[in-house]
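Okay, so here's the structure we're looking at.
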Amino acid sequence: MIEANVKTWFLFLILILTWNKAYQQTEDKKTIWTVAWSPNGKYIAAGGNQDVLQLFDGKTFELIKTYPVKAVQLSRIKWHPFKNMLAIITQSRTIKARILDLDKEVWIDLQGIESSFRGLDWNYTGNLLAVSEFEAAVSVYKIDGTLVSRFLADPKAVAGLDWHPSKNIMVTVGSQIGIYSHLGDTIKTFWPRLEEAFLLCVEWHVSGDFFVVGDYGDLKNAKDKMVQFWNMEGTKRNEIKGSTVEYRNIR
């Protein structure tokens with residue numbers, strides 16, 4: 001329990017220190033946008049506007065190595081559920097989304113990728129990687145970077161996506177909530193509110209019975225920011241209101 005608390009506080013400290021530096025040095029090459037533990041707890045990966053992907057020791061918190069990612073903003077990092085591999089997605093025109101094999105220290109390119117946004121996740125078996133592409137589309141790749149499918153998943157943009165913990169289906173969020181198979185078959189799509197809003201993040205509960213979404217608020221006034229709980233049938237189970245800032249990540 002103590003070790004877990006130390007790890008949590010370390011991640012919190014990274015984000016706070018970076019936020020303070022961003023204000024002192026006008027954000028230039030300082031802001032960290034994404035931090036993630038490896039599943040085995042050995043490593044911490046972090047990235048943002050620094051032109052590098054940083055790898056820290058999970059026990060000593062010392063910087064082990066950096067990997068160049070020039071002139072990009074790293075939006076999200078996702079560790080493979082079993083292998084020593086790391087997927088990244090950026091908002092740039094150079095490096096878009098890639099897989100880093102840490103054992104071989106080589107990057108795996110994704111076949112035919114033309115753009116990237118924020119959504120990124122491995123499926124539960126680790127043999128498929130989904131990324132948001134062309135903003136409104138999702139592309140699914142094999143672990144070797146081979147394209148499996150590409151489909152439109154939102155009328156405006158896919159800001160977040162998450163695979164079901166035990167099935168090859170995913171939830172995407174943006175202007176709406178969408179549930180799709182790995183081949184892009186539509187299982188269900190629905191709007192989370194009566195007024196137009198934009199959702200930024202989504203996460204399945206480990207049971208797979210429901211998922212949680214967080215949003216920016218209504219698009220017109222950026223008000224009424226919420227966390228909502230939904231099941232696969234599109235029934236809302238609960239919601240939390242009252243935040244003055246948007247919800248960008250849920251874990």
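The values are calculated or read from the model by the stated rules, or taken from the named source; none is laboratory data. Owing to the predicted nature of the structure, the values given are computational and were not obtained by experimental measurement. With ideal geometry, Cβ positions are generated from the backbone for all residues, glycine too; neighbour counts draw on all protein chains shown. Note: areas computed on protein heavy atoms with side chains; ligands, DNA, RNA excluded. Shrake-Rupley method; radii C 1.70, N 1.55, O 1.52, S 1.80 Å.
The set of residues from the stretch 229-248 being under 15 Å from Ala159 (Cβ atoms) and either of a type in the set (S, T, N, Q) or at pLDDT 90 or above (or both) comprises Glu246, Tyr247. Looking at Ser175, is it out of contact with any Pro (no Cβ under 7 Å at 6 or more places or on another chain) and among the hydroxyl-bearing types (Ser, Thr, Tyr)? Against the criterion (out of contact with any Pro (no Cβ under 7 Å at 6 or more places or on another chain) and among the hydroxyl-bearing types (Ser, Thr, Tyr)), Ser175 does not qualify.
Could you tell me whether Ser116 is more than 22 Å from Thr186 (Cβ to Cβ), at pLDDT below 95 and either open to solvent by less than 20 Å² (accessible area, probe 1.4 Å) or in a loop (DSSP other than H, G, I, E, B) (or both)? Taking the combined requirement at face value, the residue satisfies it. Scanning the stretch 38-67 for residues that are in contact with a Pro (Cβ under 9 Å, 6 or more places away or on another chain) and either part of a strand (DSSP E or B) or hydrophobic (A, V, I, L, M, F, W, C) (or both) yields Val52, Leu53.
Residue by residue, here is whether (1) of a type in the set (A, V, I, L, M); (2) more than 18 Å from the chain's Cα centre (by Cα); (3) within 21 Å of Glu203 (Cβ to Cβ) holds:
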{"position": "Ile32", "(1), (2), (3)": "yes, no, yes"}
{"position": "Lys70", "(1), (2), (3)": "no, yes, no"}
{"position": "Arg76", "(1), (2), (3)": "no, no, yes"}
{"position": "Asp103", "(1), (2), (3)": "no, yes, no"}
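Ala4 falls short on exactly one of the conditions (1) surrounded by 12 or more Cβ atoms within 10 Å (Cβ to Cβ); (2) at pLDDT below 85; (3) small (Gly, Ala, Ser), and that condition is (1).
Note on the stretch 57-91: residues that are among the hydrophobic types (A, V, I, L, M, F, W, C) and in contact (Cβ under 8 Å) with a residue 40 or more places away in the chain amount to 10.
Would you check if there is a residue in the stretch 90-101 being at pLDDT 95 or above, open to solvent by 10 Å² or more (accessible area, probe 1.4 Å) and among the basic types (Lys, Arg)? Within the stretch 90-101, one or more residues are at pLDDT 95 or above, open to solvent by 10 Å² or more (accessible area, probe 1.4 Å) and among the basic types (Lys, Arg).
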